[in-house]
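*Asks:* Quick one: structure below, then a few questions.
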Amino acid sequence: MTAPESEPAVKAALPSAMDEEETLKLLRDGRLEMAGRLVEATNMTLYCTVRLGERAAACVYKPVRGERPLWDFPDGTLAAREVAAYEVSQATGWHIVPPTVYREGPFGPGMCQLWIDTEREVDLMRLVRSRNPVVRRMAVFDAVVNNADRKGGHLLPLPTGHVYGVDHGVCFAVEDKLRTVLWQWRGKPLSREAVGVLAKLERELDSGSLGRRLRELLTTAEVEATWKRVRRLLDTGIHPYPFEGWPAVPWPPI
């Protein structure tokens with residue numbers, strides 16, 4: 001992500017496992033100060049600073065009232081879907097989605113997500129086409145959440161080698177809508193790591209805390225469909241192929 005040029009970015013330390021809860025508290029309870037708007041975004045996306053006591057970080061705030069209506073997703077649900085994607089990300093242990101909360105803000109309720117400063121020297125097209133195991137995890141994650149819009153620009157590479165993914169407002173549809181630039185593993189066997197993570201997700205969705213949390217953010221049918229996608233991945237043991245009758249790649253791809 002690139003911060004609006006009119007305001008200097010507030011550098012945010014990336015959360016470790018030890019301070020994840022502190023970061024979530026900052027995002028949830030801190031005072032939002034708007035600095036600019038990301039005009040290239042489809043929906044209202046505001047670049048902000050969030051402050052709580054001595055702590056401050058840059059973040060993105062997407063109010064529900066700024067969501068444009070979509071023909072295939074219920075109005076006013078995109079912010080909750082972004083939070084649901086974070087919850088699944090945390091359950092995998094892969095930390096694909098930056099810390100994200102649902103909260104009140106200057107323009108009403110919406111999602112608030114930690115801003116991530118990226119490694120600017122990385123060639124995104126090369127990363128998208130790579131066999132990078134971190135990106136492969138994201139391909140599995142997208143199949144689970146049914147991501148209908150995985151563009152290359154939604155990948156945020158870090159100097160450490162980690163890659164975050166953002167913009168998950170059009171996930172969790174009941175119908176198969178996977179649309180992504182990460183098809184290089186289609187039909188390939190899932191890694192042993194992925195199978196283990198999926199087995200854990202299946203349990204958590206069926207009778208664990210993840211299922212309970214997602215039911216607060218999504219419809220019961222959407223949560224059940226998520227469980228079925230996980231079960232299908234485990235049954236087939238492979239990365240999915242594109243679905244017939246649905247565009248395989250978003251446009252523009254980056």
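The values are calculated or read from the model by the stated rules, or taken from the named source; none is laboratory data. Every value quoted in this text rests on a predicted model; they were computed, and no experiment measured them. All Cβ positions, glycine included, derive from the backbone under ideal geometry; neighbour counts span all protein chains shown. The area values use the complete protein model at the heavy-atom level, side chains included, leaving out ligands, DNA and RNA. Shrake-Rupley method; radii C 1.70, N 1.55, O 1.52, S 1.80 Å.
*Asks:* Can you name the helices of the chain, as whole DSSP H runs, whose Cα span along the helix axis is 15 Å or more and whose Kyte-Doolittle mean is not below 0.5?
*Replies:* Membrane-span-like by this rule: 133-145.
*Asks:* To continue, here is another question. Over region 44-95, average the accessible area per residue using a 1.4 Å probe and give it in Å², no decimals.
*Replies:* About 40 Å² of surface per residue is accessible.
*Asks:* In what order, largest first, do Thr118, Thr49, Thr42 sit by accessible area if the probe radius is 1.4 Å?
*Replies:* I get Thr42, Thr118, Thr49, largest accessible area first.
*Asks:* Just to confirm a number: summing +1 for Lys and Arg and -1 for Asp and Glu over residues other than Arg103 whose beta-carbon lies under 13 angstrom from that of Arg103, what do you get?
*Replies:* +1
*Asks:* Using a Förster distance of 30 Å, how high is the FRET efficiency between Arg131 and Lys228, based on the Cβ-Cβ distance and rounded to 0.05?
*Replies:* Working from the Cβ atoms, E equals 0.60.
*Asks:* Once you charge only the Cβ atoms, +1 for Lys and Arg and -1 for Asp and Glu, what is the size of the charge dipole of the chain about its Cα centre, to the nearest 20 debye?
*Replies:* Charge dipole, the chain, about its Cα centre: 540 debye, nearest 20.
*Asks:* Counting only protein heavy atoms and a 1.4 Å probe, tell me what percentage of the chain's accessible area is made up of carbon and sulfur.
*Replies:* Result for the chain: 52 percent of the exposed heavy-atom area is carbon or sulfur.
*Asks:* Can you tally the net charge around Val50? Count Lys and Arg as +1, Asp and Glu as -1, for every other residue whose Cβ sits under 10 Å from the Cβ of Val50.
*Replies:* For residues surrounding Val50, the net value is +3.
*Asks:* Test of understanding: what is the full-extension gain from Gln184 to Glu54, defined as 0.36 nm times their sequence separation minus their Cα-Cα distance?
*Replies:* Extending this stretch completely gives an extra 42.3 nm.
*Asks:* Let me ask something else about it. Checking the a/c ratio against 1.5 first, then a/b against b/c, what shape does the Cα gyration tensor give for region 170-214?
*Replies:* oblate
*Asks:* If you don't mind, there's one more thing I want to ask. Heavy atoms only, 1.4 Å probe, whole protein assembly: order Arg150, Arg65, Arg55, Arg213 by accessible area, highest first.
*Replies:* Arg65, Arg55, Arg213, Arg150
*Asks:* Given a 1.4 angstrom probe, what's the average accessible area per residue across region 97-254, in square angstrom?
*Replies:* Value returned for region 97-254: 46 Å² of accessible area per residue.
*Asks:* I want the local charge near Ala148. Using Cβ-Cβ distances under 14 Å, sum +1 for each Lys or Arg and -1 for each Asp or Glu among the other residues.
*Replies:* -2
*Asks:* May I ask for the Kirkwood hydrodynamic radius of region 158-245, worked out over all distinct Cα pairs and given in angstroms to one decimal?
*Replies:* 14.5
*Asks:* I would also like to ask the following. Please list, by residue number, every one of the GluC sites (Glu not before Pro) in region 25-82 that is coil in DSSP and has at most 11 other beta-carbon atoms within 10 Å.
*Replies:* Glu40, Glu54
*Asks:* Once you've got the Cα coordinates, tell me which of Lys25/Lys228; Lys25/Lys177; Lys25/Lys188; Lys177/Lys200 are over 30 Å apart.
*Replies:* Correct reply: Lys25/Lys228; Lys25/Lys177; Lys25/Lys188.
*Asks:* Shifting gears a bit: Classify region 47-189 as rounded, prolate or oblate from the Cα gyration tensor: take a ≥ b ≥ c as the square roots of its eigenvalues, call it rounded if a/c is under 1.5, otherwise prolate when a/b beats b/c and oblate if not.
*Replies:* Since a/c reaches 1.5 but b/c is at least a/b, the shape of region 47-189 is classed as oblate.
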